[in-house]
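Report on one structure; see the data block that follows.
The values are calculated or read from the model by the stated rules, or taken from the named source; none is laboratory data. Being a predicted model, the structure only gives us computed values, none of them experimental. With ideal geometry, Cβ positions are generated from the backbone for all residues, glycine too; neighbour counts draw on all protein chains shown. Note: accessible area is taken over every heavy atom of the protein model, side chains too, but ligands, DNA and RNA are not part of it. Shrake-Rupley method; radii C 1.70, N 1.55, O 1.52, S 1.80 Å.
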Amino acid sequence: MKKNKIYLAVLAALGLMTSSCADFLDRADTNGNYVSNGFFRSEQAMYDGLMGVYNSMYMDQVQGFYMVPALVAFDHLTPMLLERTSDNTIGAGGTLNPDNAVVLYIWQRCYIGIARANEIISGAENYKAGFSAKAMEYLAETHALRAYFYYLLVGLYGDVPFLTSPVTTDNYDNEPRTPREQILDFLIADLNEMAPYLPWKREMSGRLNRGFAYGLINRLGLIGGDLDIAGKGKTYYEAAAAAAKKVIDEGGYQLAENYGDLFTKPGQAKADVFNEIFYELPYTNTTKPIKGHPIGYGQTSRIQGQTGRHSSLMFCDTYECIDGMRIDQSPIYDNAHPSKNRDPRFAYNVRMEGDEMTVNQGSVITTQILSCYKPTTQLYSFTTGEWSEVPNQDFEGVVSASWASFCNAGVGTINAKYALDTSCGISEQYIDIIVMRYPELLLGYAEAKIELGQIDQSVIDAINTVRRRANMPEIGLNGCVANETTSLSAQDKLRQRVRRERKVELMMEGLHLIDMRRWKTGDIENMYPSYGQPLIQYQYEAGIPYTTAGGESGVSLGLAPTDIPTYKAGREDINDIPCYDAYKAKLKVRDTNRRWEERFNLWPVPAQEIARTKNITQNEGY
């Protein structure tokens with residue numbers, strides 16, 4: 001007998017929307033909140049159902065993500081960020097196939113969320129004319145969350161089954177893949193219709209606002225515009241720009257004063273941070289069971305935790321120097337001290353050789369001096385108030401760190417975003433995970449206008465608003481900072497600038513995985529292996545005695561002043577793709593089998609779904 005695991009999972013999920021209202025859809029109600037067939041007629045019923053849809057947003061129960069929220073893990077499936085296993089990046093290491101567990105998991109989680117949303121939207125249809133303003137707000141939130149799930153499906157898989165009514169075995173088994181154009185057009189119209197029922201200002205964290213709904217239109221419009229879906233690229237860009245402009249003009253949003261506050265629990269409690277965030281996944285230690293995550297545990301040293309997620313040198317070198325110029329152009333870039341004189345956001349996102357890493361290990365707070373090159377390092381205990389010399393388990397000569405260390409697996413870097421909060425232990429953190437915030441809309445507005453060729457002061461103002469918070473120099477109408485020269489046209493220079501800002505501001509927030517596909521940069525991002533910091537014999541400072549893992553001794557030669565990446569003219573320059581060929585023999589390297597194929601621009605449809613449904617076809621090349 002044919003079984004459809006997706007549908008069965010959906011049915012199970014519909015009965016378990018939240019721990020507080022389990023199986024409410026299936027039970028008869030004597031208070032008039034619901035009717036037995038699952039329709040929603042009251043404010044309370046709408047709220048209970050909505051909480052179940054919000055619950056579907058937690059996508060972290062998957063082996064490939066090591067229980068890390070998917071929004072954090074997504075960008076590690078691109079060359080910008082690295083997981084610990086070499087040559088395992090989806091789309092570049094041979095693991096992107098119809099049987100991939102992550103590919104199946106995201107598909108399943110999205111359709112479970114869609115099924116929950118559809119049940120509520122359909123059930124409310126006959127009653128919404130009499131809804132209170134609050135009940136309509138709940139309905140609008142449900143529409144926005146459904147659109148988010150479809151945004152992921154369209155961005156990752158392309159054409160997908162498009163269901164807007166309650167899911168049954170019959171309609172799921174027989175539904176073909178709907179062209180992306182139809183899905184985008186429906187969602188943009190639906191969001192525009194429902195957004196006015198949402199407040200610009202949220203009452204509490206963990207709930208979305210009107211900015212989020214318009215932000216989804218911006219995301220969908222940029223996908224449609226960049227891919228010129230159905231030849232309607234201009235129309236989609238216009239929709240993206242218009243939605244973002246409404247947020248800028250009417251939303252009353254401002255950026256938080258301190259970028260780093262966005263990624264700590266105490267910082268997220270501040271009013272200015274709350275105002276910047278449109279929607280976040282809430283985590284807490286005040287309920288049972290506790291809802292936490294271990295992001296910090298995988299983003300520190302072997303001494304303090306584990307090292308499982310890292311920044312590639314490609315991403316590190318995207319950050320400008322404080323003069324606003326890329327490192328190949330800036331006279332103040334020092335390749336012997338690469339973290340100095342950099343965009344201040346660098347320190348909140350990346351830690352590397354010589355940097356301090358302070359974490360709460362659960363019972364003690366410690367600060368370590370990160371080191372790739374020494375068998376011992378310094379560790380400070382906040383309990384004793386003293387520094388001590390300890391064995392360096394990240395050093396390449398330590399057997400236990402032969403691959404799972406920031407020195408080797410991470411080629412000398414550690415991700416810092418979400419890992420610098422000392423208010424809770426790194427094994428079970430309660431920092432909320434951001435889904436969308438105001439800077440994305442500012443940059444999304446600028447990007448759409450740039451692609452339309454409508455470059456005016458509003459575009460520059462949007463980009464500079466993001467840069468000002470980081471204390472970075474402002475750009476002019478040609479995309480340049482003061483004293484910067486370029487051979488690029490103004491449109492290409494601004495295209496470079498806005499794409500760079502999206503990376504340095506928003507990386508590890510789940511956007512670049514789809515950005516890479518809509519920008520069609522997968523081929524150039526994946527054309528080189530992943531390079532890192534210098535090998536021990538070329539460590540940053542010359543004249544330092546060293547001993548390799550194999551016992552070979554010597555004195556560091558250091559890097560030459562000219563050992564700085566180059567950027568080939570054209571697409572590689574515009575998209576900040578560095579070339580290290582001139583001195584690659586001096587650098588740590590991994591992912592030597594990295595490659596790109598055209599089919600990787602879309603994920604495959606899970607093999608399980610191809611086998612169990614009648615009309616779903618596979619993406620080309622799989």
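Report, by residue number, each residue of the stretch 187-200 that is within 16 Å of Met136 (Cα to Cα) and either without any contact (Cβ under 8 Å) to a residue 60 or more places away in the chain or assigned to a helix (DSSP H, G or I) (or both).
Asp190, Leu191, Asn192, Glu193, Met194, Ala195, Pro196, Tyr197, Trp200
For Gly362, state whether it is touching a Gly at 6+ places or on another chain (Cβ under 6 Å) and either surrounded by 18 or more Cβ atoms within 10 Å (Cβ to Cβ) or farther than 19 Å from Pro294 by Cβ (or both).
For Gly362, the condition - touching a Gly at 6+ places or on another chain (Cβ under 6 Å) and either surrounded by 18 or more Cβ atoms within 10 Å (Cβ to Cβ) or farther than 19 Å from Pro294 by Cβ (or both) - is not met.
Do you know which of the residues in the stretch 125-154 that are at pLDDT below 95 and either in a helix (DSSP H, G or I) or among the β-branched types (Val, Ile, Thr) (or both) is most open to solvent (accessible area, probe 1.4 Å)?
In this case the residue turns out to be Ala129.
Select from the stretch 68-86 the residues that are touching a Ser or Thr at 6+ places or on another chain (Cβ under 9 Å) and among the charged types (D, E, K, R) and write down the one among them that is least open to solvent (accessible area, probe 1.4 Å).
Checked the stretch 68-86; the qualifying residue least open to solvent (accessible area, probe 1.4 Å) is Glu83.
Among the residues of the stretch 199-211, how many are touching a Leu at 6+ places or on another chain (Cβ under 8 Å) and closer than 14 Å to Gly252 by Cα?
So the answer is 4.
I need a count of the residues in the stretch 126-164 that are in contact (Cβ under 8 Å) with a residue 60 or more places away in the chain and among the charged types (D, E, K, R).
Result for the stretch 126-164: 4.
Out of everything in the stretch 264-277 that is outside any helix (DSSP H, G or I) and hydrophobic (A, V, I, L, M, F, W, C), what residue ends up being farthest from Gln254 (Cα to Cα)?
Selected residue: Ala269.
Go through (1) open to solvent by less than 50 Å² (accessible area, probe 1.4 Å); (2) touching a residue at least 12 places away in the same chain (Cβ under 8 Å) one by one and return the number of the condition Gly385 breaks.
Tallying (1) open to solvent by less than 50 Å² (accessible area, probe 1.4 Å); (2) touching a residue at least 12 places away in the same chain (Cβ under 8 Å), Gly385 fails exactly one: (2).
Quick test of your reading of the structure: Gly362 fulfils all but one of (1) touching a strand residue (DSSP E or B) at 6+ places or on another chain (Cβ under 9 Å); (2) part of a loop (DSSP other than H, G, I, E, B); (3) more than 30 Å from Lys586 (Cβ to Cβ). Name the failing condition by number.
The failed condition is (1).
From (1) loosely packed, with under 15 Cβ neighbours inside 10 Å; (2) in contact (Cβ under 8 Å) with a residue 60 or more places away in the chain; (3) out of contact with any strand residue (DSSP E or B) (no Cβ under 7 Å at 6 or more places or on another chain), pick out the condition that doesn't hold for Thr562.
(2)
Against the condition in a helix (DSSP H, G or I) and farther than 17 Å from Ala140 by Cβ, how does Glu181 come out, does it pass?
Yes, satisfied.
Mind telling me which of the residues Leu163, Leu191 ends up being aliphatic (A, V, I, L, M), closer than 16 Å to Gly444 by Cβ and either surrounded by 17 or more Cβ atoms within 10 Å (Cβ to Cβ) or modelled with pLDDT of 95 or more (or both)?
Leu191
For the stretch 496-553, how many residues are of a type in the set (A, V, I, L, M), part of a helix (DSSP H, G or I), over 14 Å from the mean Cα position of the chain (by Cα) and under 19 Å from Pro565 (Cβ atoms)?
1
In the stretch 278-337, which residue that is of a type in the set (A, V, I, L, M, F, W, C) and in a loop (DSSP other than H, G, I, E, B) is modelled with the lowest pLDDT?
So the residue we want is Ile290.
Show the residue pairs meeting these rules: Cβ distance below 7 Å; 6+ apart or different chains; first residue within the stretch 203-225 and under 15 Å from Asp190 (Cα atoms) and touching a residue at least 60 places away in the same chain (Cβ under 8 Å); second residue open to solvent by 10 Å² or more (accessible area, probe 1.4 Å) and polar (S, T, N, Q).
Qualifying pairs under 7 Å: none.
For the structure I just gave you, tell me whether Ser400 is surrounded by 21 or more Cβ atoms within 10 Å (Cβ to Cβ), modelled with pLDDT under 95 and polar (S, T, N, Q).
It is false that Ser400 is surrounded by 21 or more Cβ atoms within 10 Å (Cβ to Cβ), modelled with pLDDT under 95 and polar (S, T, N, Q).
Which residues, counting only those in the stretch 420-447, are assigned to a loop (DSSP other than H, G, I, E, B) and of a type in the set (Gly, Ala, Ser)?
Across the stretch 420-447, the qualifying residues are Ser423, Gly425, Ser427.
Just checking, which of Thr18, Thr85 is among the hydroxyl-bearing types (Ser, Thr, Tyr) and modelled with pLDDT under 50?
Thr18
Run Thr367 past the list (1) of a type in the set (S, T, N, Q); (2) open to solvent by less than 40 Å² (accessible area, probe 1.4 Å); (3) in contact with a Leu (Cβ under 6 Å, 6 or more places away or on another chain) and report the number of the one that doesn't hold.
In the conditions (1) of a type in the set (S, T, N, Q); (2) open to solvent by less than 40 Å² (accessible area, probe 1.4 Å); (3) in contact with a Leu (Cβ under 6 Å, 6 or more places away or on another chain), Thr367 misses (3) alone.
Could you say which residue among Leu220, Leu208 is of a type outside the set (Gly, Ala, Ser), open to solvent by less than 10 Å² (accessible area, probe 1.4 Å) and in a loop (DSSP other than H, G, I, E, B)?
Only one candidate qualifies: Leu208.
Taking Arg437 and the conditions (1) touching a Gly at 6+ places or on another chain (Cβ under 8 Å); (2) open to solvent by less than 10 Å² (accessible area, probe 1.4 Å); (3) not hydroxyl-bearing (Ser, Thr, Tyr), which numbered condition does it fall short on, given that it satisfies the others?
For Arg437, the exception is condition (1).
Quick check on the stretch 407-419. Is at least one of its residues in a loop (DSSP other than H, G, I, E, B), open to solvent by 10 Å² or more (accessible area, probe 1.4 Å) and over 21 Å from Leu81 (Cβ atoms)?
No, every residue in the stretch 407-419 fails to be in a loop (DSSP other than H, G, I, E, B), open to solvent by 10 Å² or more (accessible area, probe 1.4 Å) and over 21 Å from Leu81 (Cβ atoms).
Can you tell me which residue among Arg599, Arg612, Arg594 is open to solvent by 30 Å² or more (accessible area, probe 1.4 Å) and modelled with pLDDT under 90?
When all the criteria are applied, what remains is Arg612.
Does any residue of the stretch 469-481 turn out to be in a helix (DSSP H, G or I) and either within 20 Å of Cys321 (Cα to Cα) or out of contact with any helix residue (DSSP H, G or I) (no Cβ under 9 Å at 6 or more places or on another chain) (or both)?
Yes - at least one qualifying residue is present in the stretch 469-481.
Output the number of residues of the stretch 511-536 satisfying the condition of being buried (at least 22 other Cβ atoms within 10 Å of the Cβ), small (Gly, Ala, Ser) and closer than 13 Å to Thr78 by Cα.
1
Assess whether Tyr197 counts as being of a type in the set (Phe, Trp, Tyr), modelled with pLDDT of 95 or more, over 30 Å from Arg612 (Cα atoms) and open to solvent by less than 60 Å² (accessible area, probe 1.4 Å).
No, not satisfied.
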